[in-house]
Amino acid sequence: MKQFYIRMLRLIFGLFLYAVGIVITLNAHIGYAPWDVFHVGFAKMTGISIGTASIIAGAVIGILALFLGEKLGLGTILNMFLIGIFLDLILALQILPTATNMLLGIMMLIVGLFVIAFATYFYIGSAFGAGPRDSLMVALTRKTNMPVGICRGIIELLAVVVGWRLGGMVGIGTIISALCIGICVETTFKLLKFDTTEVQHETLNMTYKLLFHRKEKPLND
């Protein structure tokens, strides 16, 4: 059980760090990352917070991925809620700087993307399952037999278009985010010598059995 709690701490820290990275990219003010364009646009249209918009979007996407046959993990569920909660908390505290010019904005955006990449290392390394958006990407890849890159591109392009129509900010930062996030993640993983293919993700059913159906040890053990 000690190992389980260590993994949980790693997961929660990763999700918190992910929210920090998102806020840094938002505060760059040169255009939001694809999914954040949608979250901000949805928040503006409905009058809810960005964090709440992220939670609702994550829940809907997670349910869709479940219907498409993906198995969700505890990490998927916590991803839906905690990132949104952390987002609203960090934005409300106003503890992160805001860019005042294009150069500073670009620098902040790159820093934010690397923070997200570092957060992804902790989050994926906990082995509690992929986030809802990644689960949808995998489900579409499996259902359509199209390359994963194309499926991801279609999903993020749709998020940008819909989010932009709803009022989300699209700019040079959106392009930089779309082109550079993969590079930032790959660079971070190489520096940390982290191989995602070695991670065996745990489903909700597996976590439930681990927590509630463990065999009791004999008293003389």
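Every number in this text was worked out from the coordinates using simple rules, so none of it is lab data. Quick caveat, the model's predicted, so the values are computed rather than measured. Ideal geometry is used to build each Cβ from the backbone, glycine not excepted, and the neighbour counts take in all protein chains shown.
Which three extents, in angstrom, do the Cα atoms of the chain have along their principal axes, listed largest first?
68, 39, 37
Just order 119-126, 193-200 by mean Cβ neighbour count inside 10 Å, highest at the front, would you?
In decreasing order of mean packing, 119-126, 193-200 become 119-126, 193-200.
Given 13, 57, 124, which one lies farthest toward the positive end of the charge dipole of region 1-158, if we put +1 on the Cβ of every Lys and Arg and -1 on the Cβ of every Asp and Glu?
Toward the positive end, the furthest listed residue is 124.
With a sphere of radius 10 Å drawn around the Cβ of residue 62, what net charge do the other residues whose Cβ falls strictly inside it have (Lys, Arg +1; Asp, Glu -1)?
So the environment of residue 62 carries a net charge of 0.
List 56, 6 from most exposed to least, where exposure is judged by having the fewest other Cβ atoms within 10 Å.
So the ranking, lowest neighbour count to highest, is 6, 56.
If we count other beta carbons within 10 Å of each Cβ, what is the order of 109, 204, fewest first?
By the 10 Å Cβ count, ascending: 204, 109.
Which net charge results when you count Lys and Arg as +1 and Asp and Glu as -1 among the other residues whose beta-carbon is under 12 Å from that of residue 138?
Result for the local shell: +3.
How large is ³J(HN,Hα) for each residue in region 90-95, as worked out from phi by the Karplus curve 6.51 cos²θ - 1.76 cosθ + 1.60 (θ = phi - 60°), to whole Hz, x for Gly and Pro?
So the J values, rounded to whole Hz, are 5, 5, 5, 6, 6, 9.
Calculated FRET efficiency, residue 144 and residue 200, Cβ-Cβ r, R0 25 Å, to nearest 0.05?
0.45
Compute from the Cα atoms of region 116-212 the Rg and the Dmax, the latter being the longest Cα-Cα distance, and quote both in angstrom.
Answer for region 116-212, Rg first and Dmax second: 15.9, 49 Å.
Can you put 211, 96 in order of Cβ neighbours within 10 angstrom, beginning with the fewest?
211, 96
Can you tally the net charge around residue 91? Count Lys and Arg as +1, Asp and Glu as -1, for every other residue whose Cβ sits under 15 Å from the Cβ of residue 91.
Its environment carries a net charge of -1.
Give the Rg/Rh ratio for region 106-165, taking Rg as the radius of gyration of the Cα atoms and Rh as the Kirkwood radius, to two decimals.
Rg/Rh: 1.04.
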